1. Do any strands (runs of 3 or more DSSP E) entirely within the range 198-308 hold 1 or more residues that are without any contact (Cβ under 8 Å) to a residue 60 or more places away in the chain and within 21 Å of Asp352 (Cβ to Cβ), and if so, which?
2. Can you find a residue in the range 191-207 that is loosely packed, with under 15 Cβ neighbours inside 10 Å, modelled with pLDDT under 95 and within 23 Å of the chain's Cα centre (by Cα)?
3. Can you list the strands (runs of 3 or more DSSP E) found entirely within the range 380-499 that contain at least 2 residues being closer than 25 Å to Lys342 by Cα and modelled with pLDDT of 95 or more?
4. Scan the range 158-183 residue by residue and report those that are of a type outside the set (A, V, I, L, M), in contact (Cβ under 8 Å) with a residue 24 or more places away in the chain and closer than 18 Å to Asp453 by Cβ.
5. Restricting attention to the range 278-291, report how many residues are open to solvent by less than 50 Å² (accessible area, probe 1.4 Å) and modelled with pLDDT under 95.
6. Test each condition in (1) assigned to a loop (DSSP other than H, G, I, E, B); (2) among the small types (Gly, Ala, Ser); (3) within 21 Å of the chain's Cα centre (by Cα) for Ala188 and report the one that comes out false.
7. Just one of the numbered conditions (1) open to solvent by less than 70 Å² (accessible area, probe 1.4 Å); (2) touching a Pro at 6+ places or on another chain (Cβ under 9 Å) is not true of Val436; which one?
Amino acid sequence: MRPPARRGRRLALPALLSLLTCSLAFALVSKDVKKEVKQSKNLEKSGISEKNDVDLKGIAFVIQSQSNSFHAKKAEQLKQSILKQAADLTQEVPRVLLLHQLAQQEGAWTILPLLPHFSVTYSRNSSWIFFCEEETRIQIPQLLQALRRYDPSKEWFLGKALHDEESTIIHHYAFSENPTVFKYPDFAAGWALSIPLVNKLTKRLKSESLKSDFTIDLKYEIALYIWDRGDGPPLTPVPEFCTDGVDSSCATAFHSFLPLCGNPVKKKDIFVAVKTCKKFHGDRIPIVKQTWAGQAGHIEYYSDYADSSVPTVDLGIPNTERGHCGKTFAILERFLNHSYDKIAWLVIVDDDTLISISRLQHLLSCYDASEPVFLGERYGYGLGTGGYSYVTGGGGMVFSREAIRRLLASKCRCYSNDAPDDMVLGMCFSGLGVPVTHSPLFHQARPVDYPKDYLSHQVPISFHKHWNIDPVKVYFTWLAPSEEDRARQETRKGFKEEL
């Protein structure tokens with residue numbers, strides 16, 4: 001599937017989202033959210049918890065896992081933790097599923113295509129499908145207690161609620177009148193669908209195909225799909241679904257440690273390529289040098305003009321207003337065939353990307369450079385109709401040397417110099433059977449474009465765009481190496497997993 005030659009506004013969501021900005025949608029969701037929150041409070045005040053007896057055999061756990069060996073191992077550890085807790089409670093062994101093992105289709109991570117499978121397989125003997133991330137920590141007794149408040153014969157969409165503080169390009173400026181009104185789940189805290197809702201969504205999926213071209217922010221888009229412009233339930237906030245885990249009543253918690261698997265990757269083993277052009281040499285490159293460039297062991301600036309004051313490397317590819325596929329593939333060729341042949345990792349960023357190299361060194365310690373690794377923030381294109389996943393370029397694209405070797409050994413190339421480089425790369429790697437490895441620590445947008453509660457349990461690695469912000473302040477607020485980073489890593493080393 002060829003990516004669109006022109007993407008105008010890359011983050012544009014399908015026509016469904018544009019409807020949400022209208023005042024009717026605002027009124028509907030505001031009314032429904034108030035109704036469901038009131039219903040949740042009434043349930044908590046009433047004594048119906050004993051009427052909704054749920055045990056572990058009534059819950060199917062789905063860990064949102066990935067096929068990369070590091071992530072698969074983390075997911076398996078969480079699975080064993082759930083099974084051990086079940087054994088300690090002398091309950092029947094629950095069904096614990098790893099998402100990457102459920103289906104080989106490219107879009108399985110978007111979850112909606114798997115709902116028909118869940119409906120057929122679990123609708124008779126289960127009450128809930130509970131989803132969580134590989135780093136989510138679950139306390140089974142508290143989870144059972146929380147779920148018992150909700151009548152499993154009804155349609156429930158449960159989670160820890162996030163909302164936009166201001167309208168954002170990531171969500172196509174939806175609900176611009178009041179962005180806080182629409183709630184969507186923080187996957188890190190876990191989220192749940194009742195089986196009647198799974199069945200309803202399955203029926204809808206069978207009658208109408210998914211319309212979305214782009215998958216940008218999955219948690220938000222799932223909430224939109226379930227809400228269905230007021231015909232479905234909004235998210236019901238569950239206070240026991242937590243990310244900080246400081247309250248003993250929390251059923252879930254999330255460890256926000258930056259992954260560290262042995263010693264951090266050395267600076268000399270990471271090559272950083274900055275894509276730029278002549279018109280940005282004077283304003284963007286000085287910010288790169290003022291902020292993060294000093295952390296890099298190897299860094300080059302690739303432009304359409306050789307400027308000795310930077311200095312830049314002219315790759316012989318004319319600048320394009322969008323896409324930059326020709327430039328990116330020239331960088332890949334140069335890295336593999338003409339640059340430092342001992343360097344294990346290549347990172348390609350834009351000249352308005354802000355990144356923490358020191359945190360990236362820690363993260364990369366968990367990956368094997370001898371494997372084909374393609375890492376960053378994962379987006380999707382056409383996944384409802386057999387499309388592909390890709391790493392969105394603004395947040396930074398990380399390649400192992402082996403991934404680049406396989407890519408360039410294939411015949412997959414740009415169809416034009418101004419084709420969208422990140423999407424072409426996604427299409428190529430998909431054809432080669434090399435999966436995108438997702439890390440939410442890379443960000444395509446600015447900090448203000450994400451909910452504060454979402455960022456509060458992250459140790460971010462990158463942000464993107466200088467628009468309407470002070471990029472130097474953003475870097476030193478969010479990304480600069482600090483004593484807190486070092487303390488966090490010391491805590492990580494001494495931390496004993498409950499698994």
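The values are calculated or read from the model by the stated rules, or taken from the named source; none is laboratory data. Please read these numbers as outputs of a predicted model, since none were measured by experiment. Neighbour counts run over all protein chains shown; Cβ positions are idealised from the backbone, glycine included. Remember, those area values only see protein heavy atoms, side chains included, never the ligands or the DNA or RNA. Shrake-Rupley method; radii C 1.70, N 1.55, O 1.52, S 1.80 Å.
1. Values: elements: 252-254, 270-275, 298-303.
By residue number, 298-303.
2. To start, the set of residues in the range 191-207 that are loosely packed, with under 15 Cβ neighbours inside 10 Å comprises 203, 206-207.
Next cut, modelled with pLDDT under 95 only: 206-207.
Those still in the list that are within 23 Å of the chain's Cα centre (by Cα) too: none.
Looking through the range 191-207, none of the residues is loosely packed, with under 15 Cβ neighbours inside 10 Å, modelled with pLDDT under 95 and within 23 Å of the chain's Cα centre (by Cα).
3. Numbers: elements: 388-391, 397-400, 436-438, 462-464.
Correct list: 397-400, 436-438.
4. Step one: of the range 158-183, the residues of a type outside the set (A, V, I, L, M) are 159-160, 163-168, 171-173, 175-180, 182-183.
Next, from what is left, pick out any that are in contact (Cβ under 8 Å) with a residue 24 or more places away in the chain: 159-160, 163-166, 168, 171-173, 175-178, 182-183.
Within the range 158-183, Gly159, Lys160, His163, Asp164, Glu165, Glu166, Thr168, His171, Phe175, Asn178, Phe182, Lys183 meet the criteria.
5. Here is the first cut: in the range 278-291, the ones open to solvent by less than 50 Å² (accessible area, probe 1.4 Å) are 280-281, 285, 287-288, 291.
Narrowing the set further to residues that are modelled with pLDDT under 95 leaves none.
Here the count works out to 0.
6. (1)
7. Result: Val436 passes all but (2).
Let's see how each residue does on (1) modelled with pLDDT under 95; (2) more than 27 Å from the chain's Cα centre (by Cα); (3) surrounded by 19 or more Cβ atoms within 10 Å (Cβ to Cβ):
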{"residue": "Gly230", "(1), (2), (3)": "yes, no, no"}
{"residue": "Pro233", "(1), (2), (3)": "no, no, yes"}
{"residue": "Phe241", "(1), (2), (3)": "no, no, yes"}
{"residue": "Ser248", "(1), (2), (3)": "yes, yes, no"}
{"residue": "Asp269", "(1), (2), (3)": "no, no, no"}
{"residue": "Ala293", "(1), (2), (3)": "no, no, no"}
